[in-house]
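This report concerns only the one structure given below.
The values are calculated or read from the model by the stated rules, or taken from the named source; none is laboratory data. The model shown is predicted, which means the values in this text are computed figures rather than measured ones. Cβ: placed from backbone, ideal geometry, glycine included. Neighbour counts: every protein chain shown. For the accessible areas, the whole protein counts, side chains as well, though only heavy atoms, and no ligand, DNA or RNA atoms are used. Shrake-Rupley method; radii C 1.70, N 1.55, O 1.52, S 1.80 Å.
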Amino acid sequence: MNEQRPLTVNGRSYRWPQRPLVVICVDGCEYDYVSRAVAAGAAPFFERMIRQGTALVGDCVIPSFTNPNNMSIVTGVPPSVHGICGNYFYDRDAGVEVMMNDPKYLRVGTILAAFAGAGARVAAITAKDKLRRLLGKDLNGTCFSAESADAVAVELAGMPVPSVYSAELSQFVMAAGVGVLQRSKPDLMYLSTTDYVQHKAPPGSEAANAFYRMLDGYLARLDALGAVVALTADHGMNDKFGAGGAPNVIYLQDVLDAWLGAAAARVILPITDPYVVHHGSLGSFATAYLPATVDPGPVLARLREMQGIELALSREEGCSRFELPPERLGDVIIVASKHVVLGTSRERHDLSGLDAPLRSHGGVSEQGVPLIFNRRTRAPLAPRPRNFDVFEIALNRLET
Ligand SMILES: [Zn+2]
């Protein structure tokens with residue numbers, strides 16, 4: 001028997017879905033990708049949702065990276081509550097830099113696990129395996145990644161397992177989502193794609209429009225199968241290169257070494273993950289640990305004077321402004337401007353894998369994301385919702 005009363009998860013209340021709800025996180029989906037694809041006639045179902053449903057621009061969480069935002073979306077709360085503030089962090093107590101993709105770092109339960117625990121049928125499908133364990137934490141339901149799909153998943157998707165660096169990896173997620181919806185009519189489903197295309201192709205380009213045409217077809221099928229379709233993104237995406245096509249990089253470790261002495265400070269780039277080919281570990285957000293003897297004030301003042309630095313904040317200021325867990329960030333938090341990325345040391349970044357001018361994310365400039373639904377809302381929403389309001393809006397605020 002399904003529990004039909006609203007569920008409270010992490011302090012927010014969610015109504016029981018009246019029909020299958022599919023929430024899609026389109027990785028790196030700057031709103032412009034959608035509007036340009038619609039303008040080009042490549043996305044008729046998106047156009048219908050914008051005209052007849054609900055379409056808004058909202059804010060993602062900062063750092064505008066994949067894991068913090070996917071975790072905010074499925075928990076309904078900011079990183080200060082769920083704890084995941086990057087792919088990677090420096091464990092000061094242990095003195096080691098570690099990946100943050102282990103579920104032990106996730107401090108709260110997910111909306112998905114809570115509904116499954118109350119008797120709902122729940123499915124979560126992700127492109128890359130790095131997210132699967134976090135999304136699947138305590139989830140009594142279907143959960144798999146396209147990257148390490150087994151024979152059952154391949155059969156559901158009706159296509160072979162694609163390369164991890166391909167547009168087809170996202171297509172696999174969408175195809176498998178349609179397969180799961182047809183077969184087992186889940187009450188809740190979460191689909192999370194990869195930003196391989198967005199890292200290479202700007203809005204309106206041929207490759208981008210082809211990707212959104214693909215996506216559009218699957219969204220229309222989910223709609224035709226009776227689902228409430230709710231789409232958002234983990235972050236936007238911007239060009240991060242100069243006139244000659246070379247990336248605009250500030251190598252922060254080199255800067256701090258020159259100011260404070262070699263290796264006195266430790267720069268951490270929370271974008272760092274095993275999949276570096278499309279961004280070379282260069283994003284627009286960094287944090288740095290300073291020696292105990294160094295006063296952060298003058299360092300912050302010098303950083304703020306540098307061209308290409310949008311914000312340089314103390315840990316307290318940055319964590320308060322961006323709702324981040326202070327114990328997982330350094331003494332200073334640095335955000336680069338719209339077309340600039342932050343590195344550690346020049347020699348530590350292998351940019352040989354970049355086969356297109358760098359596009360990346362992480363900063364405040366990539367905070368705007370779409371929130372698009374195939375139904376109208378019953379009452380006006382907050383003018384600037386967050387991407388992690390998507391389950392709340394979809395379950396509580398849409399016309400049925
Ligand atoms: Zn992403």
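Observations on the structure shown:
- Residue count for region 145-173, restricted to those that are within 16 Å of the ligand (Cβ to nearest atom), in contact with a Lys or Arg (Cβ under 9 Å, 6 or more places away or on another chain) and part of a helix (DSSP H, G or I): 1
- Members of region 118-155 found to be open to solvent by 30 Å² or more (accessible area, probe 1.4 Å) and not charged (D, E, K, R), listed by number: 119, 140, 141, 142, 143, 148, 151, 152, 154
- Residue check for residue 352: modelled with pLDDT under 95 and closer than 18 Å to residue 251 by Cα: yes
- Check on residue 344, of a type in the set (S, T, N, Q) and surrounded by 18 or more Cβ atoms within 10 Å (Cβ to Cβ): yes
- Entry remark, region 228-261: residues being under 23 Å from the mean Cα position of the chain (by Cα) and more than 16 Å from the ligand (Cβ to nearest atom) number 8 in total.
- Residue in region 31-44 that is open to solvent by 60 Å² or more (accessible area, probe 1.4 Å), in contact with a Gly (Cβ under 7 Å, 6 or more places away or on another chain), more than 16 Å from the ligand (Cβ to nearest atom) and of a type in the set (Lys, Arg) present: yes
- Condition check for residue 115: open to solvent by less than 10 Å² (accessible area, probe 1.4 Å), within 16 Å of the ligand (Cβ to nearest atom) and aromatic (Phe, Trp, Tyr): no
- Options 357, 380; residue that is surrounded by fewer than 16 Cβ atoms within 10 Å (Cβ to Cβ) and either in contact with a Cys (Cβ under 6 Å, 6 or more places away or on another chain) or touching a residue at least 40 places away in the same chain (Cβ under 8 Å) (or both): 357
- Set side by side, the residues 54, 110, 126, 66 differ, and just one is more than 16 Å from the ligand (Cβ to nearest atom) and touching an Asp or Glu at 6+ places or on another chain (Cβ under 9 Å), which is 110.
- Taking residues in region 53-75 that are open to solvent by 10 Å² or more (accessible area, probe 1.4 Å), and partners anywhere that are within 11 Å of the ligand (Cβ to nearest atom), the pairs with Cβ atoms closer than 6 Å and at least 6 places apart or on different chains are 66/234.
- Selection status of residue 17, within 16 Å of the ligand (Cβ to nearest atom) and open to solvent by less than 20 Å² (accessible area, probe 1.4 Å): no
- Any hit, region 297-314, residues being at pLDDT 95 or above and touching a Pro at 6+ places or on another chain (Cβ under 7 Å): yes
- Residue match in region 388-399 (condition: assigned to a loop (DSSP other than H, G, I, E, B), over 19 Å from the mean Cα position of the chain (by Cα), within 25 Å of residue 11 (Cα to Cα) and among the acidic types (Asp, Glu)): yes
- Qualifying residue in region 180-196 (condition: in contact (Cβ under 8 Å) with a residue 24 or more places away in the chain, in contact with a strand residue (DSSP E or B) (Cβ under 8 Å, 6 or more places away or on another chain), part of a helix (DSSP H, G or I) and among the hydroxyl-bearing types (Ser, Thr, Tyr)): yes
- Filter result (within 24 Å of residue 393 (Cα to Cα) and either without any contact (Cβ under 8 Å) to a residue 60 or more places away in the chain or in a helix (DSSP H, G or I) (or both)) within region 207-240: 212, 215, 216, 217, 218, 219, 220, 221, 222, 223, 224
- Restricting attention to region 90-112 and to residues that are touching a Ser or Thr at 6+ places or on another chain (Cβ under 8 Å) and β-branched (Val, Ile, Thr), the residue that is surrounded by the fewest Cβ atoms within 10 Å (Cβ to Cβ) turns out to be 108.
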